[in-house]
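Just so you know, all these numbers are worked out from the coordinates, no wet-lab data involved. Keep in mind that what you see is a predicted model, and the values were worked out from it rather than measured. When we count neighbours, we look across all protein chains shown, and the Cβ atoms used for this are built from the backbone with ideal geometry, even at glycine.
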Amino acid sequence: MYRKLERNDLCWCGSGKKYKKCHEAFDDKIMAAQEAGHLVPGRELLKLPDQIAGIRESSKINVAVLDYVAEHICVGISTEEIDRWVYRITTEMGGIPAPLNYEGFPKSVCTSINEEVCHGIPDENRILKEGDIINVDVSTIYKGYYSDSSRMFIIGKTDPEKEKLVRVVKECVEKGLDQVKPWGFLGDMAEAVHTHAEANGYSVVREIGGHGVGLAFHEDPWVGYLGKRGTGMLLVPGMIFTIEPMVNMGKADIYQDEENGWTIYTEDGLPSAQWEIMVLVTEDGHEVLAW
Ligand code: MF3
Ligand code: CO
């Protein structure tokens, strides 16, 4: 339950100002939405300015790592090579790859090729070939602050169908992002994402979504893409979450690798693509922290 302070108390945000001169009106808006039946973020999900500064620094490493991958990825390398790059660049910049040993994940990055939906494990024997499409999902811890983003890469030249899938999923994220603004709802974003995917004949993976991020790898809220406008959690300045839809060329159904316990595949064997950005809700819109 969202609770107000006494009007003359010091504000919860650490500004040193009295509550009535700081976040009281802000809290009133959140409580009005809650009373109208909306899900609202707890105060622990609203990042304070120095936390945002730390998360921004972490995000810079994440973006630099993906930029390095973008420059060097090519036909003939192994996904293990990508893992080595991610580990080296992240640690050179003072960060720690968040996936490494996360719930037993054995590598520093997820590399998911073609019909692999997500959580592909880098492997010396998995060699990138002409026409592959691959998602490289990078996450960083820096001074305790977390960042998370992923991009698709087309290896050499691929067929027009796979190229279109990669492009359309990027557009899904952009259309979702356009909807991120304070006092809107997560469902506004979700509706924009799934509408564009479905208009192109694709399906959105239901079981796996985005998440709050910053002080931990995976925070509330869970971020799905099947929601409707005006539903889902209220968007409030200071929230940070990922938009990372997994979109399948064929059916939405997926299954998990029984041997490695991680990798998710499309049930029908058709390709899947995903882009992930990390966004901060600001007073007047949003700021993309990592991409
Ligand atoms: N980076 C993924 C995400 O977007 C999480 C991967 S968990 C891991 O949330 F352990 F596989 F790395
Ligand atoms: Co994520």
Sorting Gly120, Ile30, Met239 by the position of each Cα along the dipole of the chain (Lys, Arg +1; Asp, Glu -1; all at Cβ), the one nearest the positive end of that ordering is Ile30
Mind pulling the angle between the C-alpha long axis of helix 49-72 and the longest principal axis of the chain? Nearest 10 degrees, somewhere in 0 to 90. 10 degrees
Cut-off 10 angstrom, C-alpha nodes, Gaussian network model of the chain. Which of Cys74, Cys13, Cys172 fluctuates the most? Cys13
Scattering curve values for the range 192-291, log₁₀ I(q)/I(0), Debye with Cα scatterers, q = 0.10, 0.18 Å⁻¹: -0.31, -0.93
Out of Asn62, Asn260, Asn248, a Gaussian network model of the chain with alpha-carbon springs under 10 Å gives the largest mean-square fluctuation to Asn260
With unit charges on the beta carbons (Lys and Arg positive, Asp and Glu negative) and the dipole taken about the Cα centre of the chain, which residue among His286, Val213, Pro99 sits farthest to the positive side? His286
Glu35 versus Tyr2, label points 7 Å from Cα toward the beta carbon: distance in nm? 1.2 nm
Under the Debye formula (equal points on every Cα, no solvent term), log10 I(q)/I(0) of the range 126-254 at q = 0.12 Å⁻¹: -0.49
Ratio Rg/Rh [Cα only; Rh per Kirkwood] for the range 40-107: 1.09
Local electrostatic count at His194 - Lys and Arg +1, Asp and Glu -1, tallied over other residues with Cβ under 13 Å: 0
Could you work out how far helix 186-199 tilts from the main Cα principal axis of the chain, as a 0 to 90 degree angle to the nearest 10? 30 degrees
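Would you work out if the range 111-176 is rounded, prolate or oblate? Take a ≥ b ≥ c from the square roots of the eigenvalues of the alpha-carbon gyration tensor; rounded if a/c is under 1.5, else prolate when a/b is larger than b/c, oblate otherwise.
oblate
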Taking a ≥ b ≥ c as the square roots of the eigenvalues of the Cα gyration tensor, with a/c under 1.5 meaning rounded and otherwise prolate when a/b exceeds b/c and oblate if not, the range 1-69 is oblate
When the Kirkwood radius is taken over all Cα pairs of the chain, what Stokes-Einstein diffusion coefficient follows at 4 °C and 1.567 mPa s, in µm²/s? 66 µm²/s
For the range 75-100 and the range 111-169, what is the centre-to-centre distance using only Cα atoms, to the nearest Å? 14 Å
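Please label the shape of the range 211-265 as rounded, prolate or oblate, based on the square roots a ≥ b ≥ c of the eigenvalues of the alpha-carbon gyration tensor (a/c under 1.5 means rounded; beyond that, a/b larger than b/c means prolate, else oblate).
oblate
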Taking Cα atoms, the helix 24-35 axis meets the longest principal axis of the chain at an angle in degrees (rounded to 10) of 70 degrees
At q = 0.15 Å⁻¹, what log₁₀ I(q)/I(0) does the range 35-181 have when each alpha carbon counts as one equal point scatterer in the Debye sum? -0.85
Output the relative contact order of the range 87-193, whole-number percent, from Cα pairs under 8 angstrom with separation of 6+ residues. 18 percent
For the chain, modelled as a GNM with alpha-carbon contacts under 10 angstrom, which of Gly14, Gly227, Gly250 fluctuates the most? Gly14
Points 7 angstrom from Cα along the Cβ direction at Asp159 and Gln256: gap in nanometres? 3.1 nm
Principal axis lengths of the range 173-216 from Cα atoms, whole Å, largest first? 36, 23, 15
How far apart, in nm, are two points set 7 Å out from the Cα along the Cα-to-Cβ line at Glu24 and at Glu174? 4.5 nm
Remind me, relative contact order of the range 1-127 in percent, using alpha carbon pairs under 8 angstrom and six or more residues apart? 16 percent
